[in-house]
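First comes the structure, then the notes that go with it.
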């Protein structure tokens with residue numbers, strides 16, 4: 001298979017870059033970064049992690065989890081059950097190695113045997129990009145999403161809710177007790193030739209509406225993903241913002 005991977009990140013107004021990207025080959029954690037590469041491989045793992053601001057060492061937590069994901073990316077991941085066990089091992093390593101009050105969200109994509117598994121913990125997100133629009137294939141672990149799930153508020157009200165950044169689950173010691181209550185969210189689907197997926201930290205969806213993101217990505221891959229990053233940089237970003245766009249061809 002051939003993977004065209006566009007990765008980008010910017011620090012926004014934050015003093016520290018607490019996002020981290022694994023683009024299938026390298027870990028990236030820089031104030032500003034943009035890259036496009038083509039990778040030939042039979043399997044692929046991509047991830048975006050967003051360290052918890054306001055807690056200890058968010059930058060260290062996101063980099064550590066991305067590093068752990070990189071370490072398992074060379075293994076054959078046949079199904080969601082095996083991936084779930086491997087991600088539990090990533091959390092075990094985080095409990096052992098990271099500072100007590102640290103944590104990170106994460107969104108990732110695993111491709112093998114012409115199947116795709118998207119996964120997330122926290123409010124980093126995964127989408128499938130189609131001609132008709134973005135299909136949201138992850139699920140936020142947040143107080144506001146729980147309110148939506150209970151029909152206490154609408155999805156449209158959640159976008160600008162003042163409590164939208166209260167995260168209930170992720171990787172790292174700060175979420176240690178929550179692993180008994182929550183689980184990694186997974187979405188598994190067959191892979192079609194030319195499928196395009198988007199992974200992003202919450203900074204992207206805070207800065208732009210989904211329809212605006214799709215307007216950028218509806219152009220050809222070579223134009224759409226760079227255009228999205230240019231649009232992001234024009235926004236008054238209040239958070240680190242990172243994303244990966246990948247086009248997959250058999």
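Derivation of every value follows stated rules applied to the coordinates shown; laboratory data play no part. Everything quoted here is computed from the prediction, not taken from an experiment. Heads up, the Cβs are rebuilt from the backbone with ideal geometry, glycines too, and the neighbour counts pull from every protein chain shown.
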Nitroxide proxy distance, nm - points 7 Å out along Cα→Cβ at residue 249 and residue 96: 4.2 nm
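Rounded, prolate or oblate, given the Cα gyration tensor of the range 126-239, with a/c below 1.5 counting as rounded? Write out the running numbers ahead of the final one.
Values: a/c = 1.86, a/b = 1.46, b/c = 1.28.
Taking the square roots of the gyration eigenvalues as a ≥ b ≥ c, the range 126-239 is prolate.
For residue 2 and residue 223, what is the calculated FRET efficiency with R₀ set at 30 Å and r taken between the beta-carbons, to the nearest 0.05?
FRET efficiency, residue 2 to residue 223: 0.95.
What is the order of 245, 34, fewest Cβ neighbours within 10 Å to most? Provide the component values of the computation, followed by the final result.
Details: 245 27, 34 16.
In order of increasing Cβ crowding within 10 Å: 34, 245.
Run the numbers for residue 181 and residue 166: contour at 0.36 nm per residue of separation, minus the present Cα-Cα distance, in nm. Walk me through the numbers on the way to the answer.
Working: separation 15, 0.36 × 15 = 5.40 nm, distance 1.62 nm.
Once the chain is fully extended between residue 181 and residue 166, it gains 3.8 nm.
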Over what distance in Å are the Cα centres of the range 173-214 and the range 115-139 separated? 5 Å
Alpha carbon centroid spacing (whole Å) that separates the range 72-101 from the range 3-23: 21 Å
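Tell me whether the range 166-233 comes out rounded, prolate or oblate; compute the Cα gyration tensor, take square roots of the eigenvalues as a ≥ b ≥ c, and use a/c under 1.5 as the rounded threshold.
On the way: a/c = 3.38, a/b = 1.69, b/c = 2.00.
Verdict is oblate for the range 166-233.
If contacts are Cα pairs under 8 angstrom and at least 6 residues apart, what is the relative contact order of the range 2-249 in percent? Let's see the in-between values first.
Details: 564 pairs, mean separation 63.4, N = 248.
After rounding, I find 26 percent.
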Specify whether the C-alpha gyration tensor of the range 1-72 places it in the rounded, prolate or oblate class, a ≥ b ≥ c being the square roots of the eigenvalues: rounded for a/c under 1.5, otherwise prolate if a/b is larger than b/c and oblate if not. oblate
